[in-house]
């Protein structure tokens, strides 16, 4: 059974499955987050949706470069969680299946190329306070506690 975080399932909504892949990127005791500016500004783990026909790990590498400007290497998979939420940028309700990996940034290529994204380094405690969703916070908290 995959753990669920955030909003509960709304019986009045139809949800589309939206698989995504995200990374906790750790360097010198700090965590790399992306601030996504939109209808609301929120801090997130770098990563995003896996597009149709795209393989998960190449999708993660693409998303991390787009949202942070960093290349990375992955250490290992941490786990998966689900969340049910409205995605205003797509205009639909989604069941997000979120795969989380641990990695290390390896090379900064430049600023994020994804519009309305800003990357920043945070202490683990500060990152835990800033992350917008409970699933991301739970995986980071588990990593910090280990």
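What follows is calculated from the coordinates using simple rules that are stated; it is not laboratory data. Worth saying up front: this structure is predicted, and the values here are computed from it rather than measured. Cβ placement follows ideal geometry from the backbone for every residue including glycine, while neighbour counts extend to all protein chains displayed.
Some observations on this one:
- In the chain, the DSSP-assigned H stretches of four residues or longer account for a calculated mean residue ellipticity at 222 nm of -6500 deg cm²/dmol, using -39500 (n - 2.57) per stretch and the full residue count as denominator.
- Residues residue 71 and residue 40, FRET efficiency given R0 of 25 Å [Cβ-Cβ distance, rounded to 0.05]: 0.30
- As a calculated quantity, the FRET efficiency between residue 143 and residue 97 at R0 = 22 Å, using C-beta atoms, amounts to about 0.65.
- Mean-square fluctuations from a GNM of the chain, with a 10 angstrom spring cutoff on Cα atoms, peak among 33, 45, 78 at 78.
- The ranking of 125, 6, 136 by Cβ neighbour count inside 10 Å, starting from the fewest, reads 125, 6, 136.
- Sorted by Cβ density within 10 Å, fewest first, the residues 65, 31, 113: 113, 65, 31
- Once both labels are positioned 7 Å from their Cα atoms along Cα-to-Cβ, the gap between residue 12 and residue 54 label points is 3.3 nm.
- Going by neighbour counts of Cβ atoms within 10 Å, the residues 92, 43, 22 line up, fewest first, as 92, 43, 22.
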